[in-house]
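Following: one structure in structure tokens, then a few remarks.
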Amino acid sequence: MKHWQIERDENALVWATLDRAGESTNALSAEVLAEFRELLDQLDQAPPKGLIIRSGKAAGFIAGADIQEFTQLDSAEKGRALIARGWDLFNRLAAVAYPTLALVRGHCLGGGLELSLACRYLLAVDEPGTKFGLPEVMLGIFPGWGGMLRLPQRIGPAAALDLMLTGKTLDAKRAKRMGLADEAVPPRVMTAAARLLVQSGQPRRKLPLLQRLLNGPLKSVVANGARKQVAKKARPEHYPAPYAIIDLWAKHQGNALAAPEVLDRIINSATARNLVRVFFLQERLKGFGKASDFKALRVHVIGAGTMGGDIAAWCVLRGMTVSLQDQNLERIAPALQRAHALFTRRLREPLRVREAFDRLIPDASGDGVAHADVVIEAIFENVAAKHALFRALEPRMKPDAVLATNTSSLRLEELRGVLQRPERLVGIHFFNPVAMMPLVEVVAAEGADPAMVQAACAFVRQIDKLPLPVKSTPGFLVNAVLAPYMLAAMRAVDAGVTPEAVDEAMLAFGMPMGPIELVDTVGLDIALAAGQQLAGGVEPPQCLLALVEKQQLGKKSGQGFYRWADGKPQKVDASGTALAKVGAGRTAIPDGLAESLVKPLIERTAKLVADGVVADAELADAGVIFGTGFAPFTGGPLKYLSDR
């Protein structure tokens, strides 16, 4: 076979190793599945004592189906055939008489997990890269090869729906605790453990009675609760897939072939096409991190404010040793407290939290500069202050270290003139909150050293962010397109539209947050300053000036366009009734409001592409989606424009 290697050992166990030819990761293409069907045919002729399925790739087990094949589904018949291919094959695997085991090391996602669920046993290798999930919903589709049937039977319907509706993943230990994996073992014993388990004859863990009832006669209870949870985050007209997952599980035992109208509607939806496009855009951004073999072990961050402190904490979380510099320890202390909270939330285990915290070094004297592979300046936006800092930094840095600024509004050409090697300065522009925003703009000034830009992109990927190369210009891409959008929103408030109606219009459009709530979250004083830099001398909105004059600065002061309580804006409709966070739909929205608000954002995006600030329309769409949250189901602002 081309992709599968078959070996029968002295115990009459068959080891089937998937090593997809010509690819760095395993995916279940039509050809791979056809060979697996042939494998089962052979085993029907000479049944083994057991079948163990494993990966021959260092990168993981199976990443899922071949996403490229989804782009070729131009008819309902092709969509149904693709679903039937995996559904029928994995049902056949589940029904074989001999015991079967999936030995999972590394990522086990989508179709890879569905194959594993069709095995009698699942053995997880306990190491950092092992992840389990059914993330199809992120592509606007559903797990149609048995995942909707078998995952609820394995771990209970509520936990299974949570995974399928969010795209979240589980590590090996959590998979074992939840009953998804039968065992979680270290790599050194995985082969022996697989052999013992597949021959053990032990029955699978039975679900508790209540879970079996919720998976059977009480299904409607779970389904109704899941619909309510999904409705808080996604509208069915924008994201139909999560609603389809609930219905297919509740009404059709997870068999999409039993509901062809649902299958056809989802597979051929504009949302699915656009989200698959966004997936490939994300892969393209990741590719920028592969142009250099640069690897950072130590990072030095100057400026322990919200951005600098959170950048430092995130780098620690991704395995680096980080020194954090500010004028004194008192200024660094709040950043250390936020970092500890982040580590506790993400790492959970006290020993891992302590180990991470030990790698975050308060450094008021700046001694870490001399050892750092990446030095990031994150002080306040003042050219003279940054000049003084760069003069002091450059002589102390390693010659091959990356020197980066996190400036959000200043041109790099203004900042680098004091350097002996001005071409080494790059922008590495993070977004707030650092831990949540996936995009990082990598900014190159005219004449920048290409090796430094590529090293910066490699560093951004190393910390699990998406690098977007942009040219040095005020606001780069993301802030430059947000400025006219937020300006248009506040102009609407000046014209008498309520902040609630403005936000509701954009939530209905598909934005994750309304622009007025966004201004309040950023801070009205910051929005005013940024607007003056990016709006080309345009008069600021009167509503913004009035609030800033009263020092009502938004979330941080407790009052802005909204009153804030417990970190949430208190929105009301015209009658004074409190509104739900997502799409309450009780606020009157003027006709055409959303289109008028999004128009300047789209126009600015197109102009930045024309000016060469970002290389092309696809990268611009990717940057605006991952940097602003622009409705992913549209495919991005320029795709939205072309579709219309």
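Quick note: the coordinates plus some simple rules give every number you see, no bench work behind them. Fair warning: this is a prediction, and the values are worked out from it, not measured in the lab. FYI the Cβ positions are ideal-geometry reconstructions off the backbone, even for glycines, and counts take in every protein chain you see.
For the chain, take the longest principal axis of its alpha carbons; what is the angle in degrees between that and the long axis of helix 190-200, to the nearest 10 within 0 to 90? Approximately 40 degrees, to the nearest 10.
At a Förster distance of 25 Å, what's the computed FRET efficiency of T306 paired with E549, Cβ-Cβ distance as r, to 0.05? My answer for the efficiency is 0.55.
For I361, nonlocal amide neighbours, meaning residues 5 or more places apart or on other chains whose placed amide H falls under 5 Å from its own, are V322, S323, L324. Applying the Karplus relation 6.51 cos²θ - 1.76 cosθ + 1.60 with θ = phi - 60° to segment 356-373 yields 3J(HN,Hα) values of 5, 4, 5, 8, 9, 10, x, 9, 5, 8, x, 5, x, 4, 5, 9, 7, 8 Hz, where x marks Gly and Pro. For the Cα trace of segment 291-344, dividing Rg by the Kirkwood Rh returns an Rg/Rh value of 1.02. Rounded to the nearest 20, the Cβ-based charge dipole of the chain about its Cα centre (Lys and Arg +1, Asp and Glu -1) stands at 1980 debye. Sorting 481-488, 272-279, 224-231, 345-352 by their mean Cβ neighbour count within 10 Å, with the most densely packed peptide first, gives 481-488, 272-279, 224-231, 345-352.
Of the residues V502, C543, V519, the one whose Cα sits farthest towards the positive end of the charge dipole of segment 479-612 is V519 (charges of +1 on Lys and Arg Cβ, -1 on Asp and Glu Cβ, taken about the Cα centre). Helix 329-347 and the longest principal axis of the Cα set of the chain meet at an angle near 20°.
Please give the helix 450-462 orientation as an angle from the longest Cα principal axis of the chain, in degrees from 0 to 90, rounded to the nearest 10. Between the helix axis and the principal axis of the chain, the angle is about 50 degrees. The alpha-carbon positions of segment 107-207 define a convex hull whose volume is 86 Å³ per residue. A Cα-only calculation for segment 292-474 places Rg and Dmax at 15.2, 47 Å.
Within the set (i) 34.3; (ii) 29.1; (iii) 26.9, the number that Kirkwood radius over Cα pairs in Å takes when calculated for this structure is listed as (iii). Listed here are the pairs K168/K251; K2/K131; K78/K232; K176/K290; K49/K78; which of them are more than 29 Å apart at the Cα? Where the Cα-Cα span goes over 29 Å, the pairs concerned are K78/K232; K176/K290; K49/K78.
Here's the list of aspartates and glutamates a cross-link from K550 could span, going by alpha-carbon distance under 16 Å and ignoring same-chain residues fewer than 8 apart: D520, D525.
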